[in-house]
Each structure stands twice: as structure tokens, then as C-alpha cells.
Amino acid sequence: MEILLIRSLNAFFQLINFLLVVRVLLSWVKYNPQSRYIVLLFNLTDPILDPFKKLLNRLNVNMGMIDFSPLVAMLAIQYIIQPLIYTLIRLFL
């Protein structure tokens, strides 16, 4: 049971990272903002990126046209959230 839960969470985190990378790559090209796939991508990634955008604005980390929130989000997921969840799973299961 524990292994299945950890594998499922790992796949979930990989999916989130993939969606964030796709969103970053889309910022470099022209895309149709009315496309249902683009709308879906933004609806899935905005709740993840918005807190990091607010945090970076509050810390006054403004680099002009470069948005570092996807990078900070991916690092936070990789080094803070993911290990914390795995630790909690091992403690309680």
C-alpha cells in the first residue's frame, strides 16, 4: 500500500513539473489563448504559481520580463513538499 501511494504521488509531482515546463515553453512562443488546451493548462498551473508570484512580489524579487515563479515552484515541490509528504506517509502508514 505504501509503495503504491508513493508511486502515485511521484507520478503526480512529475505531472505538475511537466505542466510547469510546458507553460514556461509556451511563454516563449505565440499561442492561441482561447484554445481549450491552453485554458486547461493555465487553470491547472495558476493555483500552483500564484502563491509563488505573490511571494516573489512581496520579497521584491522583480526581474522585469523574467518570471521566476515556475522555477521557485518546481524547486519547492522537489525539495520541500515532496520529501515532506513522503516522510508523513512513512510515519503514518
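Laboratory data are not the source of any read-out in this text; all were calculated from the coordinates shown. Quick caveat: nothing in here was measured; it's all calculated off a predicted structure. For neighbour counting, all protein chains shown are included, and Cβ atoms are generated from backbone atoms with ideal geometry for every residue, glycine included.
A dipole drawn for the chain from +1 and -1 charges on Cβ atoms has a positive end, and of Val21, Met65, Ile6 the residue lying farthest that way is Met65. Among complete DSSP H helices in the chain, those whose alpha-carbon atoms stretch at least 27 Å along the helix's long axis and whose mean Kyte-Doolittle hydropathy reaches 1.6 are 2-26. When Rg and the Kirkwood Rh are both derived from Cα coordinates, the Rg/Rh ratio for the range 28-81 amounts to 1.02.
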